[in-house]
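The values are calculated or read from the model by the stated rules, or taken from the named source; none is laboratory data. What you see is a predicted model; the values in this text were computed from it and never measured. Note: ideal-geometry Cβ built from the backbone for every residue, glycine included; neighbour counts use all protein chains shown.
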Amino acid sequence: MLFRFAAAAALIFAGAASSLSAQSVRVNGAGASFPFPLYATWTQAFSQQNSGVRIDYQSTGSGAGIRAFIDRTVDFAGSDAEMTQEQMDSVEGGLVVIPATAGKVVLAYNLPDVGELRLPRSVYPEIFRGAITRWNDERIVAANPGVTLPDMQITVVRRSDGAGTNFIFTNHLSAIDEAFASEIGVGTTVQWPNLANFVGAPRNDGVMATTMQTPGALGYVEYGFARMSNTPMAMLENASGEFILPSNDAGTLALSSGDFSGDELFVYVTDPSDPGAYPITSMTWMLFYRNHGDPQVAEALRNFVTWAMDDGQAMAAELNYVPLPDAVKESNRAKIAEIQ
Amino acid sequence: MRSSDKGADKAGVITRPPSAGELLANRVFRGAAYGVGAATLLLLAFIIVVIGGEALPAMVREGFGFLGRAVWSPGRGEFGIAAEIWGTLYSSILALIIAGVFGVAIAIFLTQDFLPGKVAVVFRTIIEMLAAIPSVVYGLWGIFVVIPAIRPTANWLHDSFGWFPPFSTSMGGPGLAPAVIVLAIMVLPTVAAISQDALRLIPYKVKEAAYGMGTTRWEAIVKVMLPTASGGIFASLVLGFGRALGETMALAMIIGNANQISWSLFAPANTLAALLASTFPEAGDIERGALMYAAVVLLALTLVVNMLGVLVMQFTSRQTVN
């Protein structure tokens with residue numbers, strides 16, 4: 001009698017549990033920290049609009065995200081840098097790569113009396129290579145007629161932690177400057193010159209704070225951080241010889257000069273050709289399993305990305321990310337169906 | 001035998017054999033104490049095995065050259081922590097000297113009847129509150145207060161005494177000097193609190209005896225109180241040094257994180273803990289191994305410092321007994 005009662009109770013509980021899981025799908029993602037503010041807004045808005053689906057994204061860094069993705073401890077991952085062939089091969093169930101948004105790396109500077117600073121493409125890689133160390137260097141002065149540049153050391157503020165921002169920035173500098181490519185190279189962590197005028201600070205906010213506190217500082221950060229702290233940003237010379245101030249439109253122009261027709265999973269626009277393009281613009285990607293194993297989660301992810309390509313792109317601009325050009329959105333729609 | 005039985009039967013006796021319940025409680029408590037003690041050791045062993053295991057491939061690949069190179073470039077597979085070892089020791093030793101001088105002075109001030117008892121308690125509480133401030137807050141304070149405050153002095157020192165190696169570079173922003181100042185303040189409560197305990201533990205009659213022999217207050221403190229408390233004061237310095245070696249977040253924010261070895265106080269430097277904290281999240285597999293190797297080195301460094309501390313403490317306490 002007691003046994004029968006217990007069995008009935010167990011059945012009821014089991015039934016309740018399964019109907020509960022049918023209603024609520026939990027999806028976990030982790031990875032790149034740079035798009036985190038946008039992804040957090042997206043997942044929150046999407047979870048609110050779709051009752052029964054809850055998506056969480058943790059900002060752990062691209063490297064940790066890729067590791068978690070290979071270990072299958074998450075349902076999707078975010079990354080600012082491409083995966084190695086070895087990493088791609090070790091993903092069980094196949095890989096779908098979807099560019100979700102894009103960001104710009106800007107050069108923020110701390111020169112109280114300089115309202116507008118132009119940095120030619122022959123100059124700024126030299127500063128980050130340690131070859132130009134003073135603000136009144138004749139090459140900087142020549143590009144800024146009418147501006148009085150102080151006789152002051154350039155304190156280069158760089159990221160001290162491994163970061164997708166480093167990758168985007170060094171990828172661009174290496175593309176336009178051979179000396180930079182051979183001396184420093186590309187990576188999420190690189191060996192910067194061992195000079196006393198190079199200081200490292202952790203994360204975007206650390207670089208921003210150090211730049212704001214150090215007269216004569218020049219630091220590279222994600223656009224949103226410089227924008228929110230109202231720090232002046234340098235105008236950079238692009239491949240067409242135009243000096244471009246960072247803006248969302250200039251970022252979209254940079255992306256639209258990329259070629260997204262090929263089979264490459266990770267496409268970079270390291271040196272955009274459009275005359276109005278801001279030169280340091282790069283996409284950030286979401287990684288999905290071709291065969292996730294749980295059809296409910298796969299369906300939730302397909303709906304989520306479809307929504308992100310549509311309504312989500314408007315939110316991107318509000319949060320200072322670059323809205324994707326139509327060509328990219330189009331190719332993404334085809335890829336979304338592959339998430340199973 | 002019989003007499004003890006009789007005694008147990010009488011009400012109000014003082015002695016009786018422990019009851020079964022008390023015996024059980026005793027056994028359980030003893031078991032739990034042994035168990036917790038063993039668990040602590042096991043946990044330490046487990047940490048060493050896991051970190052050592054992950055570090056082993058990097059140790060084999062990099063060898064001892066890892067300790068002598070000052071480069072960190074995962075893209076090229078070049079790793080070395082000479083600069084971090086240098087920065088860790090340089091910053092910790094300087095911070096310990098500052099914190100040691102101030103900490104011991106505070107301990108003397110608060111325990112040798114310079115202040116009424118209640119005021120001393122207030123002082124003591126304030127200093128101990130320094131230990132409760134989160135590391136990140138110290139880091140922010142370093143960026144927004146310490147660096148701008150010392151920049152003019154630092155640059156004047158560089159302009160006037162640039163030939164002196166510690167002043168050989170000008171100060172742009174983050175660097176060793178602000179890191180040392182912040183680190184010293186973070187270590188201060190540890191040094192001050194334990195030194196105070198050591199001074200307070202000296203029996204009052206020792207001081208009375210010193211005064212009785214006609215010493216001045218200064219002589220009593222320097223020649224009697226400090227030597228008697230030297231074991232405890234030394235322990236406070238060792239603990240403070242251990243804390244300085246492992247301090248992470250504040251240093252990662254203000255030391256400048258540069259892989260270079262320099263005598264200059266105003267140049268950016270790096271520490272092992274800061275390197276681990278800043279590069280770990282984005283590290284690839286090979287870099288992770290190298291970071292684990294760096295963690296092993298930090299662990300060994302801390303262990304050696306603590307063991308040296310214990311040895312010196314035994315040596316000094318033996319001397320004071322004589």
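Residues of region B:264-293 being more than 9 Å from chain A (Cβ to nearest Cβ) and under 19 Å from the mean Cα position of the chain (by Cα), which ones?
Filtering region B:264-293 for residues more than 9 Å from chain A (Cβ to nearest Cβ) gives B:265, B:269, B:271-273, B:276, B:286, B:289-293.
Passing the criteria: B:T271, B:L272, B:A273, B:L276.
Rundown of residues vs (1) part of a loop (DSSP other than H, G, I, E, B); (2) within 12 Å of chain A (Cβ to nearest Cβ), yes/no style:
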| site | (1), (2) |
| --- | --- |
| B:L115 | yes, no |
| B:V119 | no, no |
| B:F123 | no, no |
| B:V136 | no, yes |
| B:I147 | no, yes |
| B:T169 | yes, yes |
| B:P178 | no, yes |
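Can you tell me which residue is farthest from A:L149 (Cα to Cα) among those in region A:215-240 that are at the interface with another protein chain (Cβ under 10 Å from one of its Cβ atoms) and surrounded by fewer than 24 Cβ atoms within 10 Å (Cβ to Cβ)?
Per the criteria, the residue is A:P215.
State which residue is surrounded by the most Cβ atoms within 10 Å (Cβ to Cβ) when the search covers only region A:196-208 and only residues that are assigned to a helix (DSSP H, G or I) and modelled with pLDDT under 90. Give the steps one after another, and end with the answer.
Residues of region A:196-208 that are assigned to a helix (DSSP H, G or I), as a first pass: A:203-208.
Checking the rest, the ones that are also modelled with pLDDT under 90 come to A:203-206.
Numbers: A:R203: 20, A:N204: 22, A:D205: 14, A:G206: 26.
Per the criteria, the residue is A:G206.
For B:E128, work out the one condition from (1) surrounded by fewer than 16 Cβ atoms within 10 Å (Cβ to Cβ); (2) within 14 Å of another protein chain (Cβ to nearest Cβ); (3) among the acidic types (D, E) it doesn't fulfil.
Condition not satisfied by B:E128: (2).
Specify which of the listed residues (A:D80, A:D161, A:D177, A:D75) is outside the structural domain of A:Q313 (by TED's automatic domain parsing), touching a residue at least 12 places away in the same chain (Cβ under 8 Å), within 30 Å of A:I55 (Cβ to Cβ) and in contact with a helix residue (DSSP H, G or I) (Cβ under 8 Å, 6 or more places away or on another chain). It would help to see each step written out before you state the result.
Working: A:D80 fails: outside the structural domain of A:Q313 (by TED's automatic domain parsing); A:D177 fails: within 30 Å of A:I55 (Cβ to Cβ); A:D75 fails: outside the structural domain of A:Q313 (by TED's automatic domain parsing).
Within the list A:D80, A:D161, A:D177, A:D75, the selection yields A:D161.
Assuming A:D89 fulfils every condition listed in (1) free of Cβ contacts under 8 Å to residues at least 60 places away in the same chain; (2) farther than 16 Å from B:G284 by Cα apart from one, which condition is it?
Condition not satisfied by A:D89: (2).
Check every one of the helices (runs of 4 or more DSSP H) wholly within region A:15-130 and list those with 2 or more residues that are more than 23 Å from the chain's Cα centre (by Cα). Please lay out each step first, then the result.
Details: elements: A:36-49, A:62-70, A:85-89, A:124-129.
Helices (runs of 4 or more DSSP H) meeting the threshold: A:36-49, A:124-129.
Kindly provide the set of residues from region A:318-340 that are among the aliphatic types (A, V, I, L, M) and under 30 Å from A:M228 (Cβ atoms), ordered by number. Break it down stepwise before answering.
Taking region A:318-340 as the starting set, the residues that turn out to be among the aliphatic types (A, V, I, L, M) are A:319, A:322, A:324, A:327-328, A:334, A:336-337, A:339.
A:L319, A:V322, A:L324, A:A327, A:V328 - these are the residues of region A:318-340 that are among the aliphatic types (A, V, I, L, M) and under 30 Å from A:M228 (Cβ atoms).
Exactly one condition in (1) away from every other protein chain (no Cβ under 14 Å); (2) not in a helix (DSSP H, G or I) is not met by B:A70; state its number.
(1)
Of all residues in region A:245-296, how many are of a type in the set (V, I, T) and either surrounded by fewer than 23 Cβ atoms within 10 Å (Cβ to Cβ) or in a helix (DSSP H, G or I) (or both)? Full working, then the answer.
Quick first cut of region A:245-296, residues of a type in the set (V, I, T) only: A:252, A:267, A:269-270, A:280-281, A:284.
In the following step, the residues that additionally are either surrounded by fewer than 23 Cβ atoms within 10 Å (Cβ to Cβ) or in a helix (DSSP H, G or I) (or both) were identified as A:252, A:267, A:270.
Going through region A:245-296 one residue at a time, the tally reaches 3.
Of these, B:G142, B:G100, which one is within 14 Å of another protein chain (Cβ to nearest Cβ), in contact with a helix residue (DSSP H, G or I) (Cβ under 6 Å, 6 or more places away or on another chain) and part of a helix (DSSP H, G or I)? So that I can check it myself, show each step before the final result.
Working: B:G100 fails: within 14 Å of another protein chain (Cβ to nearest Cβ).
Just one listed residue meets the conditions, B:G142.
Taking region A:241-256, which residues are over 21 Å from the mean Cα position of the chain (by Cα) and without any contact (Cβ under 8 Å) to a residue 40 or more places away in the chain? Outline the logic, then answer.
Keep residues of region A:241-256 that are over 21 Å from the mean Cα position of the chain (by Cα), which gives A:241-243.
Answer for region A:241-256, where residues must be over 21 Å from the mean Cα position of the chain (by Cα) and without any contact (Cβ under 8 Å) to a residue 40 or more places away in the chain: A:G241, A:E242.
Residues that are closer than 29 Å to A:G93 by Cβ, out of contact with any strand residue (DSSP E or B) (no Cβ under 6 Å at 6 or more places or on another chain) and assigned by TED's automatic domain parsing to the domain that holds A:Q44: does region A:314-327 have at least one?
Among the residues of region A:314-327, at least one is closer than 29 Å to A:G93 by Cβ, out of contact with any strand residue (DSSP E or B) (no Cβ under 6 Å at 6 or more places or on another chain) and assigned by TED's automatic domain parsing to the domain that holds A:Q44, which makes the answer yes.
Within region A:180-188, identify whether any single residue is within 10 Å of another protein chain (Cβ to nearest Cβ) and of a type in the set (S, T, Y), and answer yes or no.
Step one: of region A:180-188, the residues within 10 Å of another protein chain (Cβ to nearest Cβ) are A:184-188.
Narrowing the set further to residues that are of a type in the set (S, T, Y) leaves A:188.
Yes, that holds for at least one residue.
Take the conditions closer than 17 Å to A:G206 by Cβ and within 11 Å of chain A (Cβ to nearest Cβ) and apply them to B:V182. Does it pass? Break it down into steps so the answer makes sense when it comes.
Working: closer than 17 Å to A:G206 by Cβ: yes; within 11 Å of chain A (Cβ to nearest Cβ): no.
No.
Within region A:161-174, identify whether any single residue is modelled with pLDDT of 90 or more, hydroxyl-bearing (S, T, Y) and farther than 30 Å from B:D285 by Cα, and answer yes or no.
The answer is no, given that none of the residues of region A:161-174 is modelled with pLDDT of 90 or more, hydroxyl-bearing (S, T, Y) and farther than 30 Å from B:D285 by Cα.
Pick from region A:135-167 the residues that are within 29 Å of the chain's Cα centre (by Cα) and assigned to a loop (DSSP other than H, G, I, E, B): which of them is surrounded by the fewest Cβ atoms within 10 Å (Cβ to Cβ)?
Going through the qualifying residues, I end up with A:I154.
Can you work out which of the residues in region A:209-240 that are in a loop (DSSP other than H, G, I, E, B) and among the β-branched types (V, I, T) is nearest to the chain's Cα centre (by Cα)?
Looking at residues that are in a loop (DSSP other than H, G, I, E, B) and among the β-branched types (V, I, T), I get A:T231.
Among the residues of region A:36-55, are any modelled with pLDDT under 85 and within 14 Å of chain B (Cβ to nearest Cβ)?
no
All but one of (1) within 13 Å of another protein chain (Cβ to nearest Cβ); (2) within 20 Å of B:V182 (Cα to Cα) hold for B:I261, so report the exception by its number.
For B:I261, the exception is condition (2).
Could you grab the pairs with beta carbons closer than 7 Å, sequence gap of 6+ or different chains, first residue in region A:314-340 and farther than 15 Å from A:Y39 by Cβ and among the polar types (S, T, N, Q), second one modelled with pLDDT of 85 or more and surrounded by fewer than 16 Cβ atoms within 10 Å (Cβ to Cβ)?
Pairs that qualify, where the first residue is farther than 15 Å from A:Y39 by Cβ and among the polar types (S, T, N, Q) and the partner is modelled with pLDDT of 85 or more and surrounded by fewer than 16 Cβ atoms within 10 Å (Cβ to Cβ), are A:Q340/A:R290; A:Q340/A:N291.
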